[in-house]
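The values are calculated or read from the model by the stated rules, or taken from the named source; none is laboratory data. Note that the coordinates shown come from a computational prediction; the quantities given were computed from them, not determined experimentally. All Cβ positions, even for glycine, are placed from backbone atoms using ideal geometry, and neighbour counts span all protein chains on display. Just the protein is used for accessible areas: all its heavy atoms, side chains included, with ligands, DNA and RNA removed. Shrake-Rupley method; radii C 1.70, N 1.55, O 1.52, S 1.80 Å.
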Amino acid sequence: MAAQCVTKVELTIACTNLLDKDVGSKSDPLCVLLQNTSGQQWYEVDRTERVKNSLNPKFAKKFLIDYYFELVQKLKFGIYDIDNKTYDLSDDDFLGEFECTLGQIVSSRTLTKPLVLKNGKPAGRGSITITAEEIKDNRVVVLELEARKLDNKDFFGKSDPYLEFHKQTGDGNWVMVHRTEVIKNNLNPAWRPFKVSLNSLCYSDMDKSIKVECYDYDSDGSHDLIGSFQTTMSKLKEASRSSPVEFECINEKKRQKKKNYKNSGIVSVKHCEIIVECTFLDYIMGGCQLNFTVGIDFTGSNGDPRSPDSLHYLSPNGVNEYLTAIWSVGMVIQDYDTDKMFPAFGFGAQIPPSFQVSHEFPINFNPSNPFCNGIQGIVDAYRACLPQVRLYGPTNFSPIINHVARFAAAATQQQTASQYFILLIITDGVITDLDQTRAAIVNASKLPMSIIIVGVGGADFGAMEFLDGDDGVLRSPSGEPAVRDIVQFVPFRKFQNSPKEALAQCVLAEVPQQVVNYFSTYKLQPPKNPAA
């Protein structure tokens, strides 16, 4: 039974009294959201923008999170002072964190708590406020704006304009929902197109007021208002490239001072479109199949299967780490595959009858039909195969990755979000063909597939961590970057004493987002559109 996604929750983050780590100016904070599936494994869900020179930031970017009533969803909010260009946070100053559950946030709606350091002591007087809002609408607004003849606010050079969008709450307060990038030294800027959820922009109400403010950016944090205007989604919606919707930017203070004041510039909406973005469940409910393939490491470094210290040794009750991993991950994925027929391959063994080394042999020894019936079928085939093969080497991953990639490439002909492939590789971690594997993963990143690697035993999994692109973008030997991060690696030993669902929750945590990223990047709709 798949966990039922009850609702989506949008979290808005603000902080006060942050620690000041910058000499001569204020900290430049960013908030990162981590989620804990179970045990000690935290993974990054998302991060906000960086706010320059502020100890009391209100972050414009919201966190969108699936709320599951039946799971304890542990969250951790980390605040960092960003002083460099790298994506990695380990080289940035840590300003404090707060840990809680999503249940605590939604039940109090707004939660304000002190930030603590890694040792549990208070992070100065720093505090975090988290506000939750339920999202019931997956419509998104795509906007493109430019301006002309903006007032010049800068003594040297020209203004550095950016826009802020605000919506009005029930009690009349204005809340910022989006901030554009800054365009340096330009009184006629054209901002990049951006997306913002219809709910964020105007509570999905076409006639609700939206306030747009144009500012001149100053590096010391004292931004000057150039001017502002109010509008509604109904009005913005009329914009098109041939006839943009235009607004006069009015600066009230200036208008009161100057007799012949006209405006402080014109903001022009060139494009405004409402689109519907699909969720993971939209794809699943719309007929997308997840195809599950298993690759099993039968190399000599695992040890002789007849010896109790081998990773392939079957304990008296018939299990080992390979089987536990297959069960744990397979039990979750099988719900999303209608025929429940799963191909399973081995690599790195000498196989009968001639005992040639093979790097992709069906463990049921039937090349024309490598499918096993259900997860139990994979388990049975594995147990039957084990005494018939000789563990050998080397440990090559690329043949099996390329094998699944051929099927994923064929599926792209269908022009809909109908198929997605998940390859589970279980290995003792000693990889021989690292360069070929990097190239295979970079190629697979353009296809509807994800790769899960479970490391069994106690080896050094440095190479596996490297393939899991969380710390930076994986590149092929020729330097081509992966277009998305599709590899998720976990060491089995982390889960030895955890409940059996813990491993699956951890390795599958990133899959829904990988599925959505792939299909939305290539603008593929579910075969049966549930919205229609």
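Points worth noting:
- Projecting the Cα atoms of 491, 464, 79 onto the charge dipole of the chain, computed from C-beta unit charges around the Cα centre, puts 79 farthest toward the positive end.
- Total charge dipole magnitude, the range 324-454, about the Cα centre, Cβ charges on Lys, Arg, Asp, Glu only, Debye to nearest 20: 120
- Taking 0.36 nm per residue of separation and subtracting the current Cα-Cα distance, fully stretching the chain between residue 149 and residue 224 would add 25.4 nm.
- Distance (nanometres) between label positions extended 7 Å along Cα→Cβ at residue 335 and residue 40: 2.9
- For the chain, the longest piece that avoids every one of the chymotrypsin sites (Phe, Trp or Tyr not before Pro) found in DSSP loops with at most 11 other C-beta atoms within 10 Å covers 157-532.
- Estimated FRET transfer efficiency when R0 is 30 angstrom, pair residue 109-residue 276 (beta carbons, to 0.05): 0.65
- Between the range 236-297 and the range 336-354, the alpha-carbon center distance in angstrom: 47
- For a paramagnetic label modelled on residue 260 (point 7 Å from Cα along Cα→Cβ), amide N atoms under 20 Å away belong, within the range 145-176, to 149-152.
- Dipole of the chain computed with +1 at Lys/Arg Cβ and -1 at Asp/Glu Cβ about the Cα centre; of 95, 24, 333, farthest Cα towards the positive end is 24.
- Spin-label pair residue 56/residue 307, simplified geometry with 7 Å Cα→Cβ offset, distance in nm: 6.7
- Accessible surface of the chain, 1.4 Å probe, proportion on carbon and sulfur as whole %: 52
- Modelled FRET efficiency - R0 25 Å, residue 413 with residue 365, Cβ distances, 0.05 increments: 0.25
- The alpha carbon gyration tensor of the range 292-522 gives principal lengths a ≥ b ≥ c with a/c below 1.5, which makes the shape rounded.
- Euclidean distance between Cα centres, the range 503-523 to the range 387-417, Å: 19
- Accessible area of the chain divided out per residue, in Å², using a probe of 1.4 angstrom: 47
- Additional length obtainable on full extension of the chain from residue 237 to residue 23, 0.36 nm per residue less Cα span: 72.5 nm
- Counting only DSSP beta bridges with both residues in the chain, the antiparallel share comes to about 80 percent.
- For the range 7-135, alpha-carbon Rg relative to the globular expectation (2.2 N^0.38 Å, N residues): 1.01
- The charge dipole of the range 139-276, taken about its Cα centre with unit charges on the Cβ atoms of Lys, Arg (+1), Asp and Glu (-1) only, comes to about 420 debye.
- Calculated FRET efficiency for the pair residue 319/residue 194, C-beta based, R₀ 56 Å, to 0.05: 0.65
- Full-stretch length increase - residue 129, residue 85 - with 0.36 nm per residue and alpha-carbon distance subtracted: 13.2 nm
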